[in-house]
Amino acid sequence: MKEGRKLKSIDPMNAVSAYIMPTRSGASNFFADSIDIEITENYIHEKRQQGLKGLGMMHIVLAAYVRAISQYPSVNRFIRGQKVYARNSIDMCLTIKKQLKLHAPETVIKIPATPTDTLEQVYKNTVSLIEENKREDTENGMDSVAKFLSFVPGVFLKFAVWILKVLDYFGLIPKSLVKVSPFHGSMFLTNMGSLGINAIYHHLYNFGNLPLFCSIGKKRNDYKVNPDGTVKKMRLMDLTVVCDERICDGHYYACAFKAWKKYIENPYLLDEPPEKVQIDI
């Protein structure tokens, strides 16, 4: 199955922007917001008691993004060969450590999803892949490719990467490699909160077609002054996004991000599939 279909009826500005801004890093927009997680934390506590062991903010952010894509599918587009494509699938990338130790090896997993997935379905898929790839005897496809390339002498490796970039431009990279590649997908999530630090702005990769990189930070307390002069304590989590501005316009991005935030702040909305799934043009 191809990664996506080329869009032929997009706005002219979107059609030419990839030629004006040929690299993903040169077309990156930076966005930050604070999420009110009071309801979310209560939800997590309830679901853990119901058997969703280890459910956390990471799972909710992923599931909320899947739901946002179901209503705003254009954020799941990508650029290839200076053309805009609608992605056929939802694939979210996540870096994990096999052990929470300083020098423990890392690996990347790709979490497949469908627009109709509930939070529980995203949670189960994520947990299953994490448990499978955390085993010391497990080496996924990306690990195998990286290990092979690490043995290639530098001058030949540089040429091999150039060849891969050319193949990627024309969409000719083998499907087996795209399937495990962390550079191809709907979004990449990094959970800096699990490391006890604030969210970062992570660059986009010029190789591949990943249009969005999200980082979530540690939870924090803040205080809000109400109109009547009283002070309310708030539980917040900061979220940052670096996105490819060429796949859709700013108004569309804003609507999608507001929906994403709504689902994170009220994950009860993710307990059931969406009433309707929107299809890209």
- Query: If you bin every alpha carbon distance in region 91-212 into 10 Å steps from zero, what whole percent lands in each bin?
  - Reply: 11, 37, 38, 13, 1
- Item | Dipole axis of the chain (+1 Lys, Arg; -1 Asp, Glu on Cβ), positive-most option in Gly208, Asn29, Phe148 | Phe148
- Residues whose placed amide H lies under 5 Å from that of Gly4, excluding near-sequence neighbours: Asn88
- Message: Amide H of Lys218 versus every other amide H placed in the peptide plane: which residues, excluding those fewer than 5 positions away on the same chain, fall under 5 Å?
- Response: Gly193, Ile197, Asn198, Ala199
- Item | Per residue, in Å², the accessible surface of the chain once ligands and nucleic acids are set aside, probe 1.4 Å | 54
- Measure off, as a whole percent, the carbon and sulfur share of the 1.4 Å-probe accessible area of the chain, all protein chains present. 58
- Message: Going 7 Å from the Cα of Ala32 along its beta-carbon direction, which residues of region 215-249 have the amide nitrogen within less than 12 Å of the resulting point?
- Response: 217, 238-241
- Message: As an exercise, use a Förster radius of 51 Å and the Cβ-Cβ distance of Glu272 and Lys6 to find the FRET efficiency, rounded to the nearest 0.05.
- Response: 0.90
- Given a cut-off of under 8 Å on Cα pairs at least six residues apart, what relative contact order in percent is computed for the chain? 31
- Find the centroid of the Cα atoms in region 126-183 and in region 3-61, then give the distance between the two in whole Å. 23
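The values are calculated or read from the model by the stated rules, or taken from the named source; none is laboratory data. Here the structure is a predicted model, which means the values were calculated and not measured. Note: ideal-geometry Cβ built from the backbone for every residue, glycine included; neighbour counts use all protein chains shown. Just so you know, the surface numbers come from the protein's heavy atoms only, side chains and all, with ligands and any DNA or RNA stripped out. Shrake-Rupley method; radii C 1.70, N 1.55, O 1.52, S 1.80 Å.
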